1. Checking the structure you have, find out if any residue of the stretch 501-510 is among the hydrophobic types (A, V, I, L, M, F, W, C) and surrounded by 20 or more Cβ atoms within 10 Å (Cβ to Cβ).
2. Show the residue pairs meeting these rules: Cβ distance below 6 Å; 6+ apart or different chains; first residue within the stretch 359-386 and within 14 Å of ASN129 (Cβ to Cβ); second residue among the charged types (D, E, K, R) and surrounded by fewer than 16 Cβ atoms within 10 Å (Cβ to Cβ).
3. Examine the stretch 530-546 for a residue that is touching a residue at least 12 places away in the same chain (Cβ under 8 Å), in a loop (DSSP other than H, G, I, E, B) and within 23 Å of the chain's Cα centre (by Cα), and state whether such a residue exists.
4. Here are GLY70, GLY79, GLY66: which of them is at positive phi and either free of Cβ contacts under 8 Å to residues at least 12 places away in the same chain or in a loop (DSSP other than H, G, I, E, B) (or both)?
5. Which residue out of LEU218, LEU207, LEU157 is among the hydrophobic types (A, V, I, L, M, F, W, C) and within 23 Å of ASP586 (Cα to Cα)?
6. From the set of residues in the stretch 236-283 that are in a loop (DSSP other than H, G, I, E, B) and of a type in the set (A, V, I, L, M, F, W, C), which is nearest to the chain's Cα centre (by Cα)?
7. Inspect the stretch 392-411 for any residue being buried (at least 16 other Cβ atoms within 10 Å of the Cβ), among the small types (Gly, Ala, Ser) and not in a strand (DSSP E or B) and give the result as yes or no.
8. Taking the condition more than 26 Å from VAL38 (Cα to Cα) and surrounded by 19 or more Cβ atoms within 10 Å (Cβ to Cβ), does ARG548 pass?
Amino acid sequence: MIEVLSLQLLLGFAVGGIAAEAEDPEVLAPITVTGQRVANLQPASTYDSMATALRYDPQVNLQARGLPEGQADVTVRGGLFENTGFRIGAVTVFDPQTGHYAVEIPLDPAMLTAPDVLTDFDNGLNAFNASVATVNYGFSPITSGGSFSAGIGSDDLLYGTIRVSRSKELSDRRTVAATFSVSGSRGDGTLPYGDHEFKRFSGHVQLAGEGGETNFALGYHDKFTGWPGMYTGFASLPETDDIKLGLAMVDHQWSNERGWLEVGAAYRWLEDDYDFDRRTVESGQPGSFEHETRSFSAGLAGKQSGLGLDWYFSGQFSADRLVRSTDLTNGDFNSRSYLTLSLAPGREWLMDNGNVIAARAGLRLDLSNRDEDALMPLASISLEQSVDSGINQYALEFSRTSQLPGYTALNSPPRGLFGGNPDLGREYANTVTLSFAHENAAWWVRTAVFHRRDDNLVDWTYLQDAPFVRQANPVDVRVNGFEGLAGWHSRVLNVVGGYTWLDKDADYGSAMVDASYYALNYARHRLTLALVWQPADSVDVRWDNEYRRQQENSLRSSGDNAYITSLSLSWLVLPDPGIRLSVVADNLTDSDFQEFPGTPPMGRQISMGIGIDW
C-alpha cells in the first residue's frame, strides 16, 4: 500500500555555474558556464578522482577520511553515505558491500562531463538504490591531443598523469575516437600512518554520428590508503584500506524528432582488504576484513512523445554477489537481484502571456528477490516565467523513493567492531520541496525549501557501554532544510556560492543509542564560495572556501565549527605547446575539524606541478 506522506516542491536547474573549459583539470584551465560549481579540480595531495570535483560543491557534503581521493563518503541534503548514487550514462554504478565505496569509480574524470546532482522528482525518476540524490555524469566528447602532468608536494608527495587521445572522421559522417589515461601517486600523508599509494588505468572509445553515440569505457585502480582512526574513530589505531577495483561499461544513446533513448550496461568487481591495525599480522580468519564482490547492471532512460504527452521513463536491473568474505558471514544471503522501473507522463502548456506550465506524474516500482517490493508515486508541477531581468521558474514536486542496505550492514556479526543486523529491511524516503530559480545572462540564483521523512534508515550508532562496537540500527528521521545557490560571472571573474541549513529529529525506537556516526553527523549551517580570477590570459587564481557549524556530537574531540579553504595559482608559460606551472594548497588554514567524529582530518598539503598539453 502506498502511503503518500508529503508533497515536494523543487527548484528547476538554472543553467549556470563554473566549469572547466578544457578536458584536463590538472592544468587549471579556464571555466565556463556548464555546470561545474567549484574552482579547484586538481587536489594538492594526489591526482584528481571522482571525489575531487565534489569537495566544495554547494549541494554535496563530501566527508573525507584523510585525503578525499583516498576514502570519502558523499551525502546530499542530510542523507547518509548510502543514500547517494553515481550514474554514468544510463547506469548507476554501485557497491553492494557498502556505500563507503560508492564514489570508487576507476575512470579519469576528464572522460566524463561535470557532475550534475539530481534530487527530488529527477532522482525519483532516475535513481537506482539511492533514496536522496544521484550524482549524474555523461561521457565527454573525445578530441585528438594529449596532456602530461606531474608534481611533488609536502610529505614526500609524488604524482603524475598522462592522457593520450585520437579522433578520426569516417567516410559515413561518423567519428571514431579513443583516449587512454594512466595516473599514479604516493605520499606519506600529513599524519603518521597516513600514507597512500594509488594507481589508475582507464580507457574510453567513442563512436559518434548523426542522432547517436556509443561509448565503451574500461577502468582499473589499485589504492592503498592508510589513516589513523579511518573507520573506527579511534586515532590510536593505524588503519589501512587496500582496494582493487575494475569497471567495464558500454552506453548507447540516440535521438529523433520524438525524443531520445539511452541504454547501457556495467560490470564491476571489487577486492577489499581492510585492517583496523596495520601493526598486526593477518590470519585470513574472522577479523581480517577481506571481501570480494561482483555486480552487473543494465539500464535505460529516455523521453518519447506520443498520445499528446511526453513520456519520461527509466529502469535498471542489477545482480550482485558477495563472492567471499572473512567477516560478512552472518546474514541470510550472499547474492541479490534488483529491478527498478519508472514511468511518468508529462505535458507542457504555453499560456497567452508566454509563460509555460509543465506537469509530470507517475510511478516508480522497486523489486528485489530478497526484500519487500515497493510501488511509489512521483509528481511535479512547474511554472516558467519570462521577466524583464531574465527567466523565473517555480516548482513543486513530490517523490517517494526506497533503497536496500548493503552486505556490511546485513551480514556483519551482531557483536564486534562493526555490528550488523540481518533483519534490516527496505528504507523509504518521502520528500517535499518548494523552489524558485532565476537566470539571466550575467547571474543566476536558485533556492529550495524541503522536508523529507526517512523511514527505517540504516545508521551506525555508538553506545557508551560498548565503546568498541558500531551497531547498524534503523532510525526514522525527519529532515527540514533550506538550500540556496547563486552564481555571477564577468570577463575575468567567476563566482559561485551556496548555503545550506538542516534540522533533524531522529527516533531510534527501542535501540540503545548514545551517539550517531552518520545520521546525526551533519552541518546545521554550511556555506561555500568558489572564485576563479583570470587577471590575464596566462594566469589563473582559484579559491574554494567552506564554513560550517556542525551539529554537536559527543564522539567529536575537535570543535564543531570549521573554515576550510583551498587555493591554487597557475601560469601558462608557453601557449604552444601549452606548458603550465601550478601551485595548489589544500586545507590552507590547517583546520583540525573532524569530519567523522574521532577521525583526525588531513592537515595542510601543498604541491607544485607542471602540465603540458598538445
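Any read-out appearing in this document is the output of simple, stated calculations on the displayed coordinates, not a laboratory observation. Predicted model only: the values in this text are computed from it and were never measured. Neighbour counts run over all protein chains shown; Cβ positions are idealised from the backbone, glycine included.
1. No, because not a single residue in the stretch 501-510 is among the hydrophobic types (A, V, I, L, M, F, W, C) and surrounded by 20 or more Cβ atoms within 10 Å (Cβ to Cβ).
2. So the pair list comes out as LEU367/ASP373.
3. Checked against the condition, which is being touching a residue at least 12 places away in the same chain (Cβ under 8 Å), in a loop (DSSP other than H, G, I, E, B) and within 23 Å of the chain's Cα centre (by Cα), the stretch 530-546 yields no hits at all.
4. So the residue among GLY70, GLY79, GLY66 that is at positive phi and either free of Cβ contacts under 8 Å to residues at least 12 places away in the same chain or in a loop (DSSP other than H, G, I, E, B) (or both) is GLY66.
5. LEU157
6. Looking at residues that are in a loop (DSSP other than H, G, I, E, B) and of a type in the set (A, V, I, L, M, F, W, C), I get PHE276.
7. yes
8. No: the conditions fail for ARG548.
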